[in-house]
Amino acid sequence: MISYDRSGPSVVRLLVQNWRNRYAEKVFSPEFSVLDRPAATAGLDLSTETPSSLASSRVGVMCRGIRGEIVLGISVTSMIQVKLPDGSVREAPEGTTARDIAAGIGKRLAEAAVAAVADGHIIDLDRPLDAIRESTLTSSNGTVAPKTDQPIDLRILTPKDREALDVLRHSTAHVMARAIMRLFPEVRLAFGPTTAQGFYYDVQIPGRSLSEEDFPAIEAEMSRIVQAGEPFERFTLPVAQAIEFLKGIKQDFKIEHITQELHTHGVLSFYRQGEFVDLCRGPHIPHAGKVGAFKLTSIAGAYWKGRADGPMLQRVYGTAFFNRQDLDTHLARIEEAKKRDHRRIGKDLHLFTISSLAGSGLVLWMPKGAMVRMILQQFLQDELLKRGYQPVYTPHIGRVELYKTSGHYPYYSDSQFPTLKLLSDPAKRLVEAIESGEAMDDATACRLLSEAGIPPVSVTPGSGSGGARSFTEMSPGERAAYVREHGVAEEYLLKPMNCPHHIEIYKAQQRSYRDLPVRLAEFGTVYRYEQSGELSGLTRVRGFTQDDAHLFCTPEQVRSEFAETMRLTQFVLESLGLSDYRVRLSRSDPDDPKFQGADASIWLKAEADIRAVLEDLGLPYDEGIGEAAFYGPKADFLVRDCLGRQWQLGTVQLDYVLPERFGLQYIGPDNAPHRPVMIHRAPFGSMERFMGILIEHFAGAFPLWLAPEQVRVLPISDKFNEYGRTVLHTLRQAGLRAELDQRPEKIGAKIRDAQLEKIPVMLVVGAKEAETGTVSYRDRVDGDRGVVSLADAVASLRREVETRAIRGVAPATLRSVEEETDHQSERFAY
Ligand SMILES: [Zn+2]
Ligand SMILES: [Zn+2]
């Protein structure tokens with residue numbers, strides 16, 4: 001008979017010795033059903049475990065009379081509830097680990113398990129699950145997981161999960177650091193997080209610098225560590241002891257990091273793997289043997305904590321996978337991506353150029369690239385007209401006040417070109433006079449000052465009233481500077497966004513509910529001052545053209561208009577063969593003041609609107625907190641290219657904030673003024689970036705309807721140039737973009753050049769073709785199609801253009817688990 005105080009779910013365990021002198025653990029659940037488990041599976045090693053250590057009863061337990069068994073020890077443990085992905089809830093004693101749960105589900109799962117996700121946190125397989133409800137586990141932003149009576153949401157991670165790959169890669173960074181330390185015992189370690197492609201570790205070896213020539217030795221040492229398959233063991237130390245410990249192993253960067261940023265953490269976790277111990281938040285794979293394949297990839301300089309005045313470290317990059325095949329696919333894909341680099345293809349195919357004289361990050365479209373861009377633009381414009389959009393044009397600059405009213409100004413202050421300051425006429429006159437040394441009496445100077453609205457006395461801030469100086473006391477240089485600073489009549493900004501300009505167009509007319517929705521579209525160029533180190537080809541530029549539009553509608557029209565813009569974006573992406581996408585609902589972060597609006601309910605309403613639209617359209621989506629625009633939530637299209645790389649392209653944004661800031665109105669059926677709602681949308685996003693992605697997606701081999709040169713006519717010799725011209729004329733008359741290769745080259749050379757230039761179709765003409773009015777048709781994808789009549793060739797080409805057919809993009813075989821989700825690496829670093 002057993003009784004105990006049943007305050008809360010708990011379990012009573014009895015360690016018993018039965019009549020065969022065998023040890024066993026008897027577990028009594030709250031319902032008093034007896035769960036017998038042999039001691040070994042209960043995780044008790046009875047050769048070392050003393051029964052008294054298990055007798056730490058926390059509530060009164062009374063027990064007598066279990067037949068034939070001697071009770072050696074009693075413990076009472078609280079129960080935790082664990083909810084599995086299939087919705088089932090299991091009860092388990094405190095101290096249960098994810099590995100225990102996996103084992104309870106099945107042996108195969110327990111063997112495949114790498115780590116687990118508990119309440120959204122990735123944790124070690126051997127971490128007690130209740131630990132995630134304790135204050136020692138803090139999330140990346142330092143918040144403590146709240147205490148709750150809800151079951152712990154648990155998902156076991158196996159090599160199929162992208163999160164597992166990150167855990168593996170970060171653990172491999174430990175393996176690499178350990179290998180480097182074996183070779184160079186004096187190495188100092190900094191940070192070792194994961195990246196989208198693998199991992200790195202920042203290291204410093206006093207008096208030695210690593211090079212790629214060291215990789216074989218490091219990799220060989222790593223292989224030994226992986227083969228030994230030792231476990232990663234977690235332990236914690238209070239901050240002071242952690243520092244002492246790190247002093248002992250001479251890891252100064254880690255000590256500095258603790259004293260600067262982690263001293264408030266209470267306890268800090270370390271991971272031991274054999275002789276190697278590292279300060280780390282974790283999690284890790286259970287043992288190094290899980291690393292199936294790895295490779296060190298490159299080495300670069302990196303500043304400690306990214307501070308240019310800090311010590312210079314070496315960043316050793318590598319990657320790792322659960323198996324060799326995934327690694328090989330990954331390496332093949334990197335090679336393929338290099339071949340497809342749009343900067344290289346853009347140069348080879350003469351699509352665009354960037355000149356340092358014309359300005360870094362400012363794209364100059366060459367005729368062939370401009371042709372592709374123009375076709376894309378026409379394609380979208382035609383579609384917009386069909387869908388009731390109206391074109392508008394606005395200038396490249398606007399007054400600063402416009403962007404202050406819209407609220408854009410503060411958000412782009414770090415990334416915009418400096419403002420253009422225009423002096424008022426009297427101020428300009430004064431500066432000119434001062435700088436040319438023209439004699440001007442003080443009375444005239446002061447009159448001009450007053451006309452310019454500038455006080456004739458400057459007060460130097462911080463120097464009190466004694467700092468006041470009159471204009472006449474200043475030197476000429478000081479005068480000029482003073483007038484330049486205070487005589488600004490107008491300030492302009494290179495346009496960072498098109499929205500406020502379109503808003504002014506909306507406002508220029510009285511609007512009635514009958515006019516709505518108003519859909520204003522413009523391919524508007526905007527400017528951002530990206531740091532020169534950030535600039536890259538077409539994807540990071542300083543001036544780019546958005547395929548922008550703003551819809552102004554009534555609150556009742558929001559959902560249907562939003563749905564229509566989503567459909568348009570889908571149509572556009574799918575027309576370009578980019579049909580592998582998912583949608584992210586980018587929401588506000590209630591704690592971030594960046595997200596404006598009179599009250600939070602507006603945001604909730606807008607987010608609910610988008611959610612309803614996505615569900616209506618049957619579009620699967622996930623949600624990103626804090627990723628909204630400052631004026632409203634949005635639906636972003638995350639598109640995969642043929643290499644499985646993910647790009648954020650189209651965006652549709654819902655905005656209740658800017659109509660408020662600009663006081664927009666329409667007259668409703670009740671004859672009273674009402675506030676419209678805005679939708680901002682751009683299916684391509686930026687023309688430059690979109691083109692860069694398309695170039696890589698197609699490897700420069702654009703489908704027929706987009707190709708700058710669609711057909712090349714290749715006469716076999718000079719004798720057939722005349723017939724070639726006839727063919728060329730016919731093609732051009734049919735609206736096809738065709739050229740004639742009249743060079744005195746052999747036909748083989750002409751074909752090879754056309755292939756290198758990625759011309760979709762070649763029409764070869766010789767004696768037979770000239771006689772019969774035919775062409776020999778060579779298709780880039782299908783190869784030789786034989787001799788066809790010129791009329792048939794034209795008809796087939798026109799059909800392919802009209803249907804915007806996309807053929808032969810491939811190589812989908814180069815995709816892997818790696819690219820399946822967005823990458824996050826913060827979780828591994830303190
Ligand atoms: Zn770690
Ligand atoms: Zn906008």
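The values are calculated or read from the model by the stated rules, or taken from the named source; none is laboratory data. Everything numeric here is computed off the predicted structure, so don't read it as measured data. Here the Cβ is made from the backbone with ideal geometry for all residues, glycine too, and neighbour counts use every protein chain on show. Only protein heavy atoms, including side chains, enter the accessible area calculation; ligands, DNA and RNA are left aside. Shrake-Rupley method; radii C 1.70, N 1.55, O 1.52, S 1.80 Å.
Against the conditions (1) modelled with pLDDT under 95; (2) assigned to a loop (DSSP other than H, G, I, E, B); (3) open to solvent by 10 Å² or more (accessible area, probe 1.4 Å); (4) in contact with a Lys or Arg (Cβ under 8 Å, 6 or more places away or on another chain), Gly644 satisfies every one except (3). When Phe684 is tested against (1) modelled with pLDDT under 95; (2) open to solvent by 10 Å² or more (accessible area, probe 1.4 Å), just one condition goes unmet, and that condition is (2). Taking region 333-346 as the range and being open to solvent by 30 Å² or more (accessible area, probe 1.4 Å) and either of a type in the set (D, E, K, R) or at pLDDT 90 or above (or both) as the test, the residues that pass are Glu335, Glu336, Lys338, Lys339, Asp341, Arg343, Arg344.
Taking the listed residues Leu578, Leu614, the one that is assigned to a loop (DSSP other than H, G, I, E, B), over 27 Å from Tyr403 (Cα atoms) and open to solvent by less than 30 Å² (accessible area, probe 1.4 Å) is Leu578, with no other qualifying. Being surrounded by 19 or more Cβ atoms within 10 Å (Cβ to Cβ) and more than 31 Å from the chain's Cα centre (by Cα) holds for only one residue in Ala190, Ala173, Ala164, Ala179, and it is Ala179. Of the numbered criteria (1) within 30 Å of Ile679 (Cα to Cα); (2) away from ligand 2 (no atom under 16 Å from the Cβ); (3) in a helix (DSSP H, G or I), the one Ile503 fails is (2). Among helices (runs of 4 or more DSSP H) entirely within region 207-286, having at least 1 residues that are away from ligand 1 (no atom under 16 Å from the Cβ), over 24 Å from Glu163 (Cβ atoms) and in contact (Cβ under 8 Å) with a residue 60 or more places away in the chain singles out 215-228, 252-257.
Output the number of residues of region 193-204 satisfying the condition of being surrounded by fewer than 19 Cβ atoms within 10 Å (Cβ to Cβ) and either modelled with pLDDT of 95 or more or within 16 Å of ligand 1 (Cβ to nearest atom) (or both). Let's see the steps before the verdict.
Residues of region 193-204 that are surrounded by fewer than 19 Cβ atoms within 10 Å (Cβ to Cβ), as a first pass: 193, 195-197.
Narrowing further to those that are either modelled with pLDDT of 95 or more or within 16 Å of ligand 1 (Cβ to nearest atom) (or both): 193, 195.
Here the count works out to 2.
Can Pro555 be described as more than 16 Å from ligand 2 (Cβ to nearest atom) and open to solvent by 60 Å² or more (accessible area, probe 1.4 Å)? First the steps, then the outcome.
Numbers: more than 16 Å from ligand 2 (Cβ to nearest atom): yes; open to solvent by 60 Å² or more (accessible area, probe 1.4 Å): no.
No: the conditions fail for Pro555.
The numbered conditions (1) over 46 Å from the mean Cα position of the chain (by Cα); (2) open to solvent by less than 20 Å² (accessible area, probe 1.4 Å); (3) not β-branched (Val, Ile, Thr) are all true for Arg743 except (2).
Can you confirm whether region 762-773 contains a residue that is assigned to a strand (DSSP E or B), under 30 Å from His501 (Cβ atoms) and away from ligand 1 (no atom under 16 Å from the Cβ)? No, the conditions are met nowhere in region 762-773. Test Ser601 against the stated conditions and say whether it is among the hydroxyl-bearing types (Ser, Thr, Tyr), farther than 30 Å from Leu331 by Cα and open to solvent by 10 Å² or more (accessible area, probe 1.4 Å). Yes: the conditions hold for Ser601. Kindly indicate whether any position in region 274-297 is open to solvent by 10 Å² or more (accessible area, probe 1.4 Å), within 24 Å of the chain's Cα centre (by Cα), among the basic types (Lys, Arg) and farther than 17 Å from Arg188 by Cβ. Yes, because at least one residue in region 274-297 is open to solvent by 10 Å² or more (accessible area, probe 1.4 Å), within 24 Å of the chain's Cα centre (by Cα), among the basic types (Lys, Arg) and farther than 17 Å from Arg188 by Cβ. Every test in (1) within 16 Å of ligand 1 (Cβ to nearest atom); (2) open to solvent by 50 Å² or more (accessible area, probe 1.4 Å); (3) modelled with pLDDT of 65 or more is passed by Glu826 save one, and that test is (3).
Cβ-Cβ under 7 Å, sequence separation 6+ or interchain: first residue in region 503-518 and closer than 17 Å to Asp655 by Cα and surrounded by 12 or more Cβ atoms within 10 Å (Cβ to Cβ), partner modelled with pLDDT under 95 and of a type in the set (A, V, I, L, M). Which pairs? Going by the 7 Å Cβ cut-off, the qualifying pairs are Ile503/Leu658. Can you give me the number of residues within region 649-670 that are within 30 Å of Asp341 (Cα to Cα) and either away from ligand 2 (no atom under 16 Å from the Cβ) or in contact with a Phe, Trp or Tyr (Cβ under 6 Å, 6 or more places away or on another chain) (or both)? Within region 649-670, residues that are within 30 Å of Asp341 (Cα to Cα) and either away from ligand 2 (no atom under 16 Å from the Cβ) or in contact with a Phe, Trp or Tyr (Cβ under 6 Å, 6 or more places away or on another chain) (or both) number 2. Considering only region 314-322, I want to know if a residue exists there that is in contact with a helix residue (DSSP H, G or I) (Cβ under 8 Å, 6 or more places away or on another chain), touching a residue at least 12 places away in the same chain (Cβ under 8 Å) and either among the acidic types (Asp, Glu) or open to solvent by 40 Å² or more (accessible area, probe 1.4 Å) (or both). No, that holds for no residue. Put simply, of Leu364, Leu327, Leu420 the only residue that is surrounded by fewer than 17 Cβ atoms within 10 Å (Cβ to Cβ), free of Cβ contacts under 8 Å to residues at least 40 places away in the same chain and on the phi < 0 side of the Ramachandran plot is Leu364.
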